[in-house]
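Take a look at the structure below.
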Amino acid sequence: MKTIGLIGGLTWHSSADYYRYFNQMVNQRLGGEEAAQIILYSVNFGTIKKLTLADDWDGVAEMITSAAVRTVEAGADCILLGANTMHHIADKVAAAIRVPLIHIADATAAAIREKGLDTVALLGTKYTMQMDFYRDRLMKKGIRAIIPDEEGIRYVNQSIYEELDKGMFLEDTRAQYVRIIRQLMEQGAKGVILGCTEIPLLIKQEHSPVPVFDTAWWHAKAAVDFALAD
């Protein structure tokens, strides 16, 4: 079994889910008392958030790359960045390490294609929704991502940074997300990417009229597939 390296703390709420997913999946496949081999480097999200909101992506890249290099030095055979937004600097991280970086958008795209979908809604931070790094990666896999209007972008982004990142999961917020999902369905979305690893803590499949794609779960699955491959 290979060792999975996770750069977590982005936030710790979703990092806890990653840890659970890794171990559940490995145990389901191997049985007995088997569990995943994991090295977790948990960064201080407070610092990451300040750098992100200041658009200091060089600062973000330096901090995340340093964490990834140290995780590889500790014995990790692959690296995962436990947040969709952090994949804006994924190429810089990948260039600095000697092991594969498993990209969250690639893992999610594979799940979408498996469902036979080609048009989906994308919800996440404003960076994930509006920057090219995520949607372009999906487009290369033949998937068109539809994002909310300006009001919807503002609402989702604000809810992530002011509620979800703090472990607050409110019924009113869930209702607003469902409203936004329905609006995007009217534009042709046949599924929805929960493109912030905290959103699946708020929105479950039973809340959505179309298939939801929990990016943390699919990302973790791709890591377990790698770790258990011959």
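Only a single item in (1) out of contact with any Phe, Trp or Tyr (no Cβ under 9 Å at 6 or more places or on another chain); (2) surrounded by fewer than 20 Cβ atoms within 10 Å (Cβ to Cβ); (3) not in a loop (DSSP other than H, G, I, E, B) is not met by Ala121, and it is number (2).
Only a single criterion out of (1) under 19 Å from Leu184 (Cα atoms); (2) surrounded by 15 or more Cβ atoms within 10 Å (Cβ to Cβ); (3) of a type in the set (D, E, K, R) is not satisfied by Glu150, namely (2). Each residue in the stretch 73-96 was checked for being touching a residue at least 24 places away in the same chain (Cβ under 8 Å) and surrounded by fewer than 19 Cβ atoms within 10 Å (Cβ to Cβ), and 5 of them qualify. Given Gly75, Gly116, which one is touching a strand residue (DSSP E or B) at 6+ places or on another chain (Cβ under 8 Å) and not hydroxyl-bearing (Ser, Thr, Tyr)? Of Gly75, Gly116, the one residue that is touching a strand residue (DSSP E or B) at 6+ places or on another chain (Cβ under 8 Å) and not hydroxyl-bearing (Ser, Thr, Tyr) is Gly75. Considering the stretch 83-117, and only residues there that are among the β-branched types (Val, Ile, Thr) and in a helix (DSSP H, G or I), the residue that is farthest from Gly8 (Cα to Cα) turns out to be Ile112.
Being in contact with an Asp or Glu (Cβ under 9 Å, 6 or more places away or on another chain), assigned by TED's automatic domain parsing to the domain that holds Ile38 and β-branched (Val, Ile, Thr) is the requirement here; does Ile112 meet it? Criteria not met by Ile112.
Go through the residues of the stretch 154-174 one by one and say whether even a single one is over 25 Å from Leu10 (Cα atoms) and either surrounded by fewer than 19 Cβ atoms within 10 Å (Cβ to Cβ) or more than 19 Å from the chain's Cα centre (by Cα) (or both). No, the conditions are met nowhere in the stretch 154-174.
The values are calculated or read from the model by the stated rules, or taken from the named source; none is laboratory data. None of the values given here were measured: they were computed from a predicted structure. Note that each Cβ is placed from the backbone with ideal geometry, even for glycine, and that neighbours are counted across all protein chains shown.
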